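Engineer: Pasting a structure below so you can have a look.
Please treat every number below as a calculation from the coordinates, not as lab data. Not measured: the values here are computed from a predicted model. Methodologically, a virtual Cβ is constructed for each residue, glycine included, from the backbone with ideal geometry; neighbour enumeration extends over all protein chains shown.
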Amino acid sequence: MAAVHAGSCLCGGVAFEAEAPLREVIACHCTQCRKTSGHYWSATSVPLDRFRLTRDETLRWYRSSAEAARGFCGTCGASLFWKPEGEERIAIAAGALDGPTGLVTDSHIFTESAGDYYRPEGPPPRPAAKPARLSCSCLCGGTAFDLPGPAGEITACHCRQCRKLSGHYSASFDADETTIDWRRRDSLGVSETPGGGQRGFCTQCGSSLWFRSSAGEFSVEAGSVTGPTGGRLTSHIFVASKGDYYGIDDGLPQVGRG
Ligand SMILES: [Zn+2]
Ligand SMILES: [Zn+2]
Ligand SMILES: [Zn+2]
């Protein structure tokens, strides 16, 4: 019997199974993937006849372009799927898969759209711009806010929660919540996380936007910033729970090896 990969969103409202072999992982740095994931998106892909949803109560789809739709959880906001129109396959967020995947990341695409705070491979660049104001939004534009820039130090988090929600791993920077100027929050959803925190996401397009810890600390997903952040990735945390399908090769400090 072929091996079956199981996966789910963070809250469990969406769960699925995909029968091996799965395609190796492709990391996409396009603007859409960066907005939805909050950093950048990594996915495998499988023919539809080897994929099945085992729970789909909270699954929602956002038509992100004429060519494709993005599937996410309407309750927890996890970024889960990308479904190209007219193709008998579905791309699955590698971060949604449970347990060892046995996969490797074999390419990075749309690298010209990567954020200014990291490189797809190797050490992050020094920020070229220092924007005094950051403009953030989700992919569909239903939620948008501004805050003072530059972003400064950006932390990559590889914990299970960040991996499930982003579809890969998260990258965020601390912000003073009282300085946020909300331009639009019609579509804003807030989900409670297992550790007592709250996650802000768009209920129409599934984009990851911000996190508020149980102690009230507020951070903004770097991928939500439109244009330069003026920030720089400075460390990786919770690396003991990182996925097996990628390496960390940027030379930055790694915390929480477990
Ligand atoms: Zn969910
Ligand atoms: Zn949206
Ligand atoms: Zn995390």
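Engineer: Would you please give the residues with an amide H less than 5 Å from that of Ile237, counting only those at least 5 places away or on a separate chain, with H modeled from the backbone geometry?
Structural biologist: Counting only residues 5 or more places away or on other chains, the set is Ala156, Cys157, His158, Val255.
Engineer: Arrange the following residues from fewest to most other Cβ atoms within 10 Å of their Cβ: Glu221, Glu57.
Structural biologist: The most exposed by this proxy come first: Glu57, Glu221.
Engineer: Taking the Cα centre of region 10-153 as origin, work out the dipole magnitude from +1 charges on Lys and Arg Cβ and -1 charges on Asp and Glu Cβ, in debye rounded to 20.
Structural biologist: Result for region 10-153 is approximately 460 debye, rounded to the nearest 20.
Engineer: Amide H neighbours of Gly197 under 5 Å, counting only residues 5+ apart in sequence or on other chains, H built in-plane at 1.01 Å?
Structural biologist: Ser214
Engineer: Which shape class applies to region 116-241: rounded if a/c is under 1.5, otherwise prolate when a/b exceeds b/c and oblate if not, where a ≥ b ≥ c are the square roots of the Cα gyration tensor eigenvalues? Can you show the working numbers first?
Structural biologist: Values: a/c = 1.55, a/b = 1.08, b/c = 1.44.
Oblate, since a/c reaches 1.5 and b/c is not below a/b.
Engineer: In terms of the Cα gyration tensor, with a ≥ b ≥ c the square roots of its eigenvalues, is region 36-101 rounded because a/c is under 1.5, prolate because a/b exceeds b/c, or oblate? List each step's numbers first, then the result.
Structural biologist: On the way: a/c = 1.23, a/b = 1.05, b/c = 1.18.
Rounded, since a/c falls under 1.5.
Engineer: Have a look at Gly122, Gly102, Gly71 and report the one farthest towards the positive end of the charge dipole of region 65-136, computed about the Cα centre with Cβ charges (Lys/Arg +1, Asp/Glu -1).
Structural biologist: Final value for the positive-end residue is Gly122.
Engineer: Quick one: which residues, 5+ away or cross-chain, put their amide H under 5 Å from the amide H of Ala69? H built at 1.01 Å from N.
Structural biologist: Ser64, Lys83, Glu85
Engineer: What is the dipole size for the chain, taken about its Cα centre, with +1 at each Lys and Arg Cβ and -1 at each Asp and Glu Cβ, in debye to the nearest 20?
Structural biologist: Computed charge dipole of the chain: roughly 300 debye.
Engineer: Here's a follow-up. Using θ = phi - 60° and the Karplus curve 6.51 cos²θ - 1.76 cosθ + 1.60, what whole-Hz ³J(HN,Hα) does each residue of region 115-132 get, with Gly and Pro shown as x?
Structural biologist: x, 6, 9, 8, 10, x, 9, x, x, x, x, 6, x, 7, 10, 10, x, 6
Engineer: Which ³J(HN,Hα) values, rounded to whole Hz and listed in residue order, are derived for region 55-65 from phi using the Karplus coefficients 6.51, -1.76 and 1.60 in 6.51 cos²θ - 1.76 cosθ + 1.60 with θ = phi - 60°, glycine and proline given as x?
Structural biologist: So the Karplus estimates, Gly and Pro as x, are 8, 9, 3, 9, 6, 10, 10, 10, 6, 7, 6 Hz.
Engineer: How many angstrom lie between the C-alpha centres of region 9-78 and region 122-186?
Structural biologist: 21 Å
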